[in-house]
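Down below is the structure, laid out as structure tokens.
The values are calculated or read from the model by the stated rules, or taken from the named source; none is laboratory data. Predicted model, so just to flag it, every value in this text is computed and none were measured. FYI the Cβ positions are ideal-geometry reconstructions off the backbone, even for glycines, and counts take in every protein chain you see.
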Amino acid sequence: MIGHCLLIMTFLAVSALGCSAQSRAGSVPPDLAECLKSLRAVHDLEEPIFSPCAGSEEIDALKGLSRTSIISALGDPTWAGEDEATYNFYRFPPPERAPFLGGGATLWLRFDATGFCADACWRYSR
């Protein structure tokens with residue numbers, strides 16, 4: 001009986017977070033990690049570059065994953081706060097080389113109090 005109640009309480013707690021128990025066992029989509037890796041590998045920019053992964057619906061797979069596992073797969077975020085992190089899926093040349101203005105797609109992640117991803121969405125700047 002105690003085990004049954006614990007199972008129900010665990011399900012309710014996970015459901016309240018908007019994550020299924022199955023999503024906690026998932027992993028970061030390899031395409032996202034590869035896109036960021038490729039973007040970061042370009043060092044001598046003459047023109048802005050934009051990742052083909054920007055806007056990908058694969059980000060739903062991040063919900064329910066731990067902050068640690070996401071950072072392990074994607075690398076250090078562009079910006080991180082106590083319960084948020086962002087990854088830019090675009091890059092611009094240094095301002096002294098080419099004065100480009102604008103922005104691009106940013107993956108925004110929000111983490112719950114236990115360190116699991118509660119929300120993932122794309123935000124666009126210009």
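Summed over segment 11-31, the residues that are in a helix (DSSP H, G or I), closer than 15 Å to Arg67 by Cα and modelled with pLDDT of 75 or more give a count of 0. With respect to (1) under 11 Å from the mean Cα position of the chain (by Cα); (2) in a loop (DSSP other than H, G, I, E, B); (3) polar (S, T, N, Q), the lone exception for Thr114 is condition (1). Mind checking whether some residue in segment 90-99 is within 18 Å of Arg123 (Cβ to Cβ), in contact with a Ser or Thr (Cβ under 8 Å, 6 or more places away or on another chain) and part of a strand (DSSP E or B)? Yes, the conditions are met somewhere in segment 90-99.
Table: residues versus (1) surrounded by fewer than 16 Cβ atoms within 10 Å (Cβ to Cβ); (2) in a loop (DSSP other than H, G, I, E, B); (3) touching a Leu at 6+ places or on another chain (Cβ under 7 Å).
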| site | (1), (2), (3) |
| --- | --- |
| Pro52 | yes, yes, no |
| Gly55 | yes, yes, no |
| Glu58 | yes, no, yes |
| Ala61 | no, no, no |
| Thr68 | yes, no, no |
| Ile71 | no, no, no |
| Pro77 | no, yes, no |
| Glu82 | yes, yes, no |
| Tyr87 | no, no, yes |
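Could we say that Leu36 is at pLDDT 90 or above and part of a helix (DSSP H, G or I) here? Answer is yes for this residue.
Out of Leu109, Leu65, Leu74, one residue alone is within 11 Å of the chain's Cα centre (by Cα), farther than 22 Å from Ser125 by Cα, of a type outside the set (D, E, K, R) and modelled with pLDDT of 95 or more. It is Leu65.
Only residues that are of a type in the set (S, T, N, Q), surrounded by fewer than 17 Cβ atoms within 10 Å (Cβ to Cβ) and within 24 Å of Pro48 (Cα to Cα) were counted in segment 99-126, giving 1.
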